[in-house]
Amino acid sequence: MSAPNTIYMDNNATTKAAPEVVEAMLPYFGELYGNPSSMHSFGGQVGRHIESARSKLAELLGADPGEIIFTSCGTESDSTAIWAALRTQPHKKHIVTSRVEHPAVKNLGEYLEKNGYRVTFAPVDRQGNLDLDYLYDHLTDNTAIVSLMWANNESGVIFPIEEVVEKVKERGIVFHTDAVQAVGKVPLDMRSVPVDMLALSGHKLHGPKGVGALYVRKGTKFSPFLIGGHQERGRRGGTENVASIIGLGRAAELAGAFIDDENTRVKRLRDKLEKGLLERVSNAMVNGDPENRLPNTTSVAFEFVEGESILLMMNELGICASSGSACTSGSLEPSHVLRAMGVPFTAAHGSIRFSLSVYNTEEEVDYVIEKLPPVIERLRSMSPFWSDAQCKTA
Ligand code: PLP
């Protein structure tokens, strides 16, 4: 089988901006360069286009346009939400989150822990599902906010936000969800799920990088993170990233159309990929709940082989995916997500996350199923851990 050019299966890291998104953005780098805050109509027209993008995003979320604040990324949206809850309730010094959050929330939680707050990190089970009883047992009158991701970026496991939010709100506690991985893959409707705040990011839904949004339910106490000009009705200072906001609006429109494909064709491709790999490679398993997952994500653990080596060899074949190791720190520590799930070290080390999108094809999946198993075999033939394991089972 000949190699298709680049096979991109790393869509939870970032997605390709849809051509329609790029096209929508282009005029704002050229003729439509006015400042939306200007009094003249040359700038004012840009402001109206921002409002149109806001309406499109609001529609995707089942929200009111006034409840959307544009930000620079998912991380800023998460930080804004958490700091807003803490600043508006200065007497409350407790935060509840989970052990498997993205660093955007996890590292802020750890920072807060060192700076006068108490933070509860609720555990997950072996399948990556949240320990709900633990979470409920740890809510107190001092809890300022519960912040939980809607879907996990590594395992794809979906948290039961609809259920948790009810219980948390009953206690009068602010609820924020990091929905960066869920938007565009899982239908979300703010009319039926009463979260107070929700973070999303443009580059995870075929929009541009460098733009995100925070949904803030009407009536939620709020305090801006970036204090400055009157932009975003004083809720986020700074001249708007106009082209990217327009791109995010267009991406939101497309997401409404893409979501069906994500949950049918893309899901079938993901399942075919997973099945094909598990059938052809021994000592391989899926990390995370096989049912309760994003339709595009599979994290496959290939035991007794190093994820980084697999990635390098896949790279030679033009296949892009991610490993389950914290490569950002330059070490090969298994990720905090896989550790929290109790994935054995030998499996966590060889975990590869494939995350597909509407741009993937059956031909690409077939290519990976054909090319990857021999790579694992070759790497295992060089691995002392593999020979050890074979001796023990012989
Ligand atoms: N939250 C989750 C679950 C993510 O997957 C990511 C990015 O990978 C982020 C937050 C951060 O988003 P951004 O890169 O836009 O800051």
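Which of the residues that make up region 199-228 are away from the ligand (no atom under 16 Å from the Cβ) and of a type outside the set (Ser, Thr, Tyr)? Within region 199-228, Val216, Arg217, Lys218, Gly219, Lys221, Phe222, Pro224, Ile227, Gly228 meet the criteria. State which residue is nearest to Val164 (Cα to Cα) when the search covers only region 107-124 and only residues that are assigned to a loop (DSSP other than H, G, I, E, B) and either in contact (Cβ under 8 Å) with a residue 12 or more places away in the chain or not assigned by TED's automatic domain parsing to the domain that holds Tyr136 (or both). The qualifying residue nearest to Val164 (Cα to Cα) is Pro123. Scanning region 84-106 for residues that are within 12 Å of the ligand (Cβ to nearest atom), crowded, with 19+ Cβ neighbours inside 10 Å and part of a helix (DSSP H, G or I) yields Ala104, Val105, Lys106. Counting only helices (runs of 4 or more DSSP H) that fall entirely inside region 263-351 and contain at least 2 residues that are more than 21 Å from Ala389 (Cα to Cα), the qualifying elements are 267-280, 307-316, 336-340. Just so you know, in region 110-141 the residues that are closer than 21 Å to Ser155 by Cβ and over 22 Å from the mean Cα position of the chain (by Cα) include one that is least open to solvent (accessible area, probe 1.4 Å), and it is Tyr134. Listed conditions (1) more than 16 Å from Arg293 (Cα to Cα); (2) within 16 Å of the ligand (Cβ to nearest atom) are all met by Leu112, apart from (2). Among residues of region 149-174 being within 16 Å of the ligand (Cβ to nearest atom) and in a strand (DSSP E or B), the one that is most open to solvent (accessible area, probe 1.4 Å) is Ile158.
Restricting region 176-197 to residues that are over 17 Å from Val266 (Cβ atoms) and under 12 Å from the mean Cα position of the chain (by Cα) leaves a set whose member that is surrounded by the most Cβ atoms within 10 Å (Cβ to Cβ) is Asp178. Cβ-Cβ distances below 6 Å connect the following pairs, each with a first residue in region 55-83 that is open to solvent by 40 Å² or more (accessible area, probe 1.4 Å), a second residue that is more than 9 Å from the ligand (Cβ to nearest atom) and of a type in the set (D, E, K, R), and a separation of six or more residues or different chains: Lys56/Glu253; Pro65/Arg54.
The values are calculated or read from the model by the stated rules, or taken from the named source; none is laboratory data. This one's a predicted model, so the numbers in the text were calculated from it and none came from an experiment. Note that we place each Cβ from the backbone using ideal geometry, even for glycine, and neighbour counts take in every protein chain shown. Only protein heavy atoms, including side chains, enter the accessible area calculation; ligands, DNA and RNA are left aside. Shrake-Rupley method; radii C 1.70, N 1.55, O 1.52, S 1.80 Å.
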